[in-house]
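Asker: Below is a structure I'd like to ask you about.
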Amino acid sequence: MDNRFATAFVIACVLSLISTIYMAASIGTDFWYEYRSPVQENSSDLNKSLWEDFISDEADEKTYNDALFRYNGTVGLWRRCITIPKNTHWYSPPERTESFDVVTKCMGFTLTEQFMEKFVDPGNHNSGIDLLRTYLWRCQFLLPFVSLGLMCFGALIGLCACICRSLYPTIATGILHLLAGLCTLGSVSCYVAGIELLHQKLELPENVSGEFGWSFCLACVSAPLQFMASALFIWAAHTNRKEYTLMKAYRVA
């Protein structure tokens, strides 16, 4: 194996490993989107009701999003979290001090919720199904797992290529990484579109802002790494095969 191709193969493997780690970390963390709002210190009946509704298994889209807006919520592919006062009371607590403690409460999305229809008017089941948001949500949930699976399958093929001491099978690895990159890019695009459409229907309250979190950024970084690894795998395998064919033809001549 030519040193050029071996170097390209090693670099592609490193890029593939980094992108896999980034993708796995992105899927497993809860910071795809973050809301920033003033901390709600007042444990009134309304706040208590919002907290209880948030952790309820029957919370609809509008219910848990209202809590996310008010309580510095973060959203991942699997869970949603809010930050609330650690010691809650049914009366208004004393004036806030530096020792004021908060705790993060998280609630996971069940498989039923992941595939549940989204409504034109969030929370109103009589408003009709919003097909666009429904399929965007499903794609943003499924595509990262497809991407991760393709990269793992490509790694197995690459391992076989090492055992066989041949670069030719890595063409398949390159194609799988290309497809994985497209899936990751599609997931990121679906997530951005879904968030924008949600905020058009549920406007953020005053003094509340939202931004994409570091989990989302990891997915964004993973996509170009997958494309670069794919290009190196395919280039190394194709060029090595071409030079081998030319050398064989030269020897025959």
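The values are calculated or read from the model by the stated rules, or taken from the named source; none is laboratory data. Computed from a predicted model, the values in this text were never measured in an experiment. Cβ: placed from backbone, ideal geometry, glycine included. Neighbour counts: every protein chain shown.
Asker: Taking only the stretch 186-224 into account, find how many residues are among the charged types (D, E, K, R) and in contact (Cβ under 8 Å) with a residue 12 or more places away in the chain.
Answerer: Selection size over the stretch 186-224: 2.
Asker: Moving to a separate point now. Residue 8: among the small types (Gly, Ala, Ser), part of a helix (DSSP H, G or I) and modelled with pLDDT under 90, yes or no? Even if it seems obvious, please write down each step before you answer.
Answerer: Working: among the small types (Gly, Ala, Ser): yes; part of a helix (DSSP H, G or I): yes; modelled with pLDDT under 90: yes.
In short, yes.
Asker: Given the conditions (1) among the hydroxyl-bearing types (Ser, Thr, Tyr); (2) under 29 Å from residue 131 (Cβ atoms); (3) modelled with pLDDT under 85, report the number of the one that residue 191 does not fulfil.
Answerer: (3)
Asker: Name the single residue, out of those in the stretch 50-72 being under 20 Å from residue 194 (Cβ atoms) and among the hydroxyl-bearing types (Ser, Thr, Tyr), that is surrounded by the most Cβ atoms within 10 Å (Cβ to Cβ).
Answerer: If we take residues in the stretch 50-72 being under 20 Å from residue 194 (Cβ atoms) and among the hydroxyl-bearing types (Ser, Thr, Tyr), then 64 is surrounded by the most Cβ atoms within 10 Å (Cβ to Cβ).
Asker: Considering each residue of the stretch 95-151, count those that are modelled with pLDDT under 90, among the basic types (Lys, Arg) and part of a loop (DSSP other than H, G, I, E, B), and give that number.
Answerer: Selection size over the stretch 95-151: 1.
Asker: Is it the case, given these coordinates, that residue 163 is out of contact with any Cys (no Cβ under 8 Å at 6 or more places or on another chain) and within 19 Å of residue 17 (Cβ to Cβ)? Can you show your working first?
Answerer: Details: out of contact with any Cys (no Cβ under 8 Å at 6 or more places or on another chain): yes; within 19 Å of residue 17 (Cβ to Cβ): yes.
Judged against the criteria, residue 163 is a match.
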